[in-house]
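For reference, the structure is listed below as structure tokens.
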Amino acid sequence: MTPGLLYLLASVACSVTVAVLLKLARRWQVDVRQAIAMNYLVAALLCWAVLRPDPAGVLTPRTPWLVLAALGVLLPSVFLAMAAAVRHAGIVRSDAAQRLSLFIPLLAAFLLFGEPPSGRKLAAALLAAGALYCLLRRAAPAQAPADGGPGGGRAAWLWPLAVWLGYGVIDILFKQMARAGTAFAGGLLLAFVIAGLLMLAYLLLRRVRCRPRHLAAGVALGLANFGNILTYIRAHQSLPEHPALVFASMNMGVITLGTLVGALAFREPLSRLNIAGVALALAAIVLMAPW
């Protein structure tokens, strides 16, 4: 197996690991707020140590501070939404909603940036809309399960919807940052630092007492979170002539592995409509990939 494919597998595994850690947080009585705050500290340190951003290239007159401030607010907010989505809707639907968020920048390109729509992209967007509808339909009666697993009710579709919208907006903001000429590593580091500082300020305002086990969970979360980003970058670097393979394999891999882990390891209830949504999501990603 080539290094590029190994990086892809590692990226998929890290992405699903983040969802698994969030799933286990309730069972292990982990305060996800503290874990997410520590996650950004770990991710920022790893970004500095591994990606080596150029300090001179980070702080320039062209630095889009408004975009970075928005990222600093949205990154932890959407992470908290992801934790709530995994708790109430399960790994399967949460991971699928996160991956389907890639269609929000596509719609923004059509509606806001004047990109002409193609038949293939419109068909992919329609499939993605159908997939999202099927995935957000609850798979169980509207009651809170005794074991803290996914159930029905408003939370079972509202939180995955927030994840879908939030990650889509984050993708647009990162693209805007790239358009402003900000180097990816430097912009990522600044976004992590701002997100971590805001989470720290929130914890101080709420007078939350930090506990070692919550922070330890945050270290694991940060390693998986940054590992997902790093291995995805390395996969693109190792397979520069196959961007479509990396794009499609990453998104399809996360949805497929997330479905297997959620359904088999955590026995998440899935209706036939939810399963159809997973299939539609995979089809939409295949159609969207720049083959």
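The values are calculated or read from the model by the stated rules, or taken from the named source; none is laboratory data. Only a predicted model underlies this, so the values are computations on that prediction, with no experimental measurement involved. Counting neighbours? That spans all protein chains shown, and the Cβs are built from the backbone with ideal geometry, glycine included. For accessibility, only protein heavy atoms count, side chains too; no ligands or nucleic acids. Shrake-Rupley method; radii C 1.70, N 1.55, O 1.52, S 1.80 Å.
Show me 86-94, 222-230 ranked by packing, highest mean number of other Cβ atoms within 10 Å first.
86-94, 222-230
With a bin width of 5 angstrom, please list the P(r) values of segment 146-291 as percents of all Cα-Cα pairs, from the 0 bin to the one holding the largest distance.
2, 7, 9, 16, 19, 18, 14, 10, 4, 1, 0
Grab the Cα-Cα distance for R211 and L5, subtract it from 0.36 nm times how many residues apart they are, and report the gain in nm with one decimal.
70.3 nm
Would you compute the Debye intensity of segment 90-129 from its alpha-carbon atoms alone, equal scatterers and no solvent, and pass along log10 I(q)/I(0) at q = 0.20, 0.26, 0.33 Å⁻¹ to two decimals?
Treating every Cα as an identical point scatterer, log10 I(q)/I(0) equals -0.61, -0.86, -1.09.
Ignoring ligands, DNA and RNA, what percent of the 1.4 Å accessible area of segment 140-291 is carbon and sulfur?
Whole-percent figure for carbon plus sulfur exposure: 68.
Which three lengths, in whole Å and largest first, does segment 195-251 cover when its Cα atoms are put on their principal axes?
51, 21, 17
On the first, second and third principal axes, largest extent first, how far apart are the outermost C-alpha atoms of segment 39-109 in Å?
That works out to 43, 32, 19 Å along the principal axes.
Using the Cα atoms of the chain, I'd like the radius of gyration and the largest Cα-Cα distance, Dmax, both in angstrom.
Both quantities, over Cα of the chain: 18.6, 55 Å.
Over segment 146-291, with the other protein chains present, what is the accessible area per residue in square angstrom, probe 1.4 angstrom?
For segment 146-291, the solvent-accessible area averages 51 Å² per residue.
Test of the criteria: in segment 152-207, which trypsin sites (Lys or Arg not before Pro) are in a DSSP loop and have at most 10 other Cβ atoms within 10 angstrom of their Cβ?
R154, R206, R207
Let me know the charge dipole size of segment 151-211 about its Cα centre in debye, to the nearest 20, where only the beta-carbon of Lys, Arg (+1) and Asp, Glu (-1) is charged. Each step should come with its number before you reach the end.
Values: 7 positive and 1 negative charges, 67 e Å.
Dipole magnitude for segment 151-211 comes out near 320 debye.
Can you give me the relative contact order of the chain as a percent, contacts being Cα pairs under 8 Å and 6 or more apart?
It rounds to 41 percent for the chain.
Going by average Cβ density within 10 Å per residue, which order do the peptides 182-192, 48-58 take, highest to lowest?
Put in order of decreasing packing, that is 182-192, 48-58.
Under DSSP H, which helices of the chain have Cα atoms covering 30 Å or more of the helix axis and a Kyte-Doolittle average no less than -0.5?
Helices passing the filter in the chain: 3-27, 65-89, 155-179, 184-205, 212-238.
For segment 26-99, what does the accessible surface come to per residue with a 1.4 Å probe? Please give it in Å².
45 Å²
Once amide H atoms are built 1.01 Å from N in the peptide plane, which residues 5 or more positions from E268, or in another chain, come under 5 Å H to H?
Here A263 satisfy the definition.
7 Å from Cα along Cα→Cβ at both R52 and A183: what's the point-to-point distance in nm?
1.0 nm
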